[in-house]
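What follows is calculated from the coordinates using simple rules that are stated; it is not laboratory data. This one's a predicted model, so the numbers in the text were calculated from it and none came from an experiment. All Cβ positions, even for glycine, are placed from backbone atoms using ideal geometry, and neighbour counts span all protein chains on display.
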Amino acid sequence: MSEIINLFKNKLLEKVNIQKISSSGWYIFNAVCCPYHGNERPDRRKRGNFYFTENSWVYNCFNCGFKTVFSENNLVLTERNKKLLEWMGFSQEEINEISFSLLKRKNLEQKNSNNPKDEYFNFFDYIKTLNPTEKEEEMVSIEEYLDRQDYKENKNFMKILDYLFSRGSYIVDCLDKIYWVESSPDMIVLPIFIKNKIYGYIMRNLNKSIKYMNIFFDNKNLLYNLDSAFKNRKYIILVEGPFDALSIDGISIMKNTINNNIIKMLKSFNKEIIILPDKDISGLKVIEKALEHNLRVSFPFFDYWDEKIKDASDAAKKYGKFYTLNSIIRSSTDDPLKIKTLTNLLKNEMISNLED
Ligand SMILES: [Zn+2]
């Protein structure tokens, strides 16, 4: 562990009452965030967690969903970092002092290095730089849980199961990739697996308006279901949400993760990359990115899908996995003019749906 993270670790753990350290290294205590972050009552069920890696720390609350990451790559306290420190009882002076020492460190590092920023040409090299984590003891895949004889007696589990099956029958094929934690019964956990190792989690609380919460160790950009790129296939299909990825065995970009380096690494697979935007505002941004990087964009919305269908997961629910996949591939194009024209059509349809 780096000097800075070690220093942080000592300071942070001093302020909370650690109840337990999980076998995979999570420090567990009563969360400090909830009353400040939309929950009426403070946490009494040890839903707060710290996790430390070589060059980052993560705070995560399973109660109200607050999460923040500090990464040595940035060497600054983010606003969320600062909030957390405040809630933990650090004084303004202490926080300023930490900020200042990080700043000093940053200046020093900039002087000492002329190296360009981390750049990798393929995912194999990139993944080697990341630290995987162990699976949490408490986490059980839906598939494993279904093997228990008494699973029907757990009402919370049955609720999760109902929710999952309401997403479409494709879910049957992915029950080994979806996890559940009995002590956080409203939460679905999608570990970010790469070659059977876990590099982060996507969590979804069914009762909260915040749809997804992503936790990456090392605070690096990763894609969900990246393993599908390693398969022997002609196409890599990029979609927005994790359930879209599950529905067609594509890769979820999980918002804002399409940067030059990620695209370069995806291109190193030497496959045709197709992006399927959601039929909504975020989808328009995704199309912009695709145009920037000369990727194929798919528009199955007009010729193949019912107009109410917004994404791959909706389509797979209605038409099944193979029709959906086929329609995504067949309606894709790399002609920029065609992409722009179809994007305008999509916009018009979205506007007229708003007016209905
Ligand atoms: Zn909280």
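Annotations for the structure displayed:
- Cleavage-rule hits (GluC sites (Glu not before Pro)) in region 124-202: DSSP loop, at most 16 neighbouring Cβ within 10 angstrom: Glu134, Glu137, Glu138, Glu182
- Under the Karplus curve 6.51 cos²θ - 1.76 cosθ + 1.60, θ = phi - 60°, whole-Hz ³J(HN,Hα) for region 99-105, x wherever Gly or Pro sits: 4, 5, 5, 5, 4, 4, 4
- Stretched out straight at 0.36 nm per residue, the stretch from Ser91 to Ser22 would grow longer than its current Cα-Cα span by 21.9 nm.
- Of the cross-linked pairs Lys83/Lys177; Lys177/Lys338; Lys82/Lys159; Lys135/Lys231, those separated by over 28 Å at the C-alpha level are Lys83/Lys177; Lys177/Lys338; Lys82/Lys159.
- In a simple Cβ point-charge model (Lys, Arg +1; Asp, Glu -1; nothing else charged), region 3-115 has a dipole of about 340 debye relative to its Cα centre.
- Folded to 0 to 90 degrees: helix 155-166 orientation relative to the chain principal axis, Cα: 30
- DSSP-defined beta bridges in the chain - what % are antiparallel, rounded to 5: 80
- Diffusion coefficient of region 1-139 by Stokes-Einstein, Kirkwood radius over Cα pairs, 10 °C, 1.306 mPa s: 96 µm²/s.
- In region 140-206, trypsin sites (Lys or Arg not before Pro) in a DSSP loop with at most 14 other beta-carbon atoms within 10 Å: Arg148, Lys195
- Efficiency of FRET between Glu79 and Ser101 - r from beta-carbon atoms, R0 25 angstrom, step 0.05: 0.85
- Free-standing Cys, the chain [no other Cys Cβ under 4.7 Å]: Cys33, Cys61, Cys174
- Ser183 versus Lys234: modelled label distance in nm, points set 7 Å from Cα along the beta carbon direction: 5.0
- In the chain, helical runs assigned H by DSSP with n ≥ 4 each contribute -39500 (n - 2.57); averaged across all residues and rounded to the nearest 500, the mean residue ellipticity at 222 nm is -11500 deg cm²/dmol.
- Estimated inter-spin distance, Lys159 and Tyr323, nm [label 7 Å along Cα→Cβ]: 3.3
- Kirkwood Rh in Å, taken over the chain so that all alpha-carbon pairs contribute: 22.2
- Residues Lys285 and Arg167, FRET efficiency given R0 of 22 Å [Cβ-Cβ distance, rounded to 0.05]: 0.35
- Taking a sphere under 10 Å around the Cβ of Asn225 and counting the other residues whose Cβ falls inside, with K and R at +1 and D and E at -1, yields a net charge of -2.
- At R0 = 30 Å, FRET efficiency that the Cβ-Cβ distance of Lys15 and Asn221 yields, to 0.05: 0.50
- Relative contact order, percent, the chain [alpha-carbon distance under 8 Å, six or more residues apart]: 11
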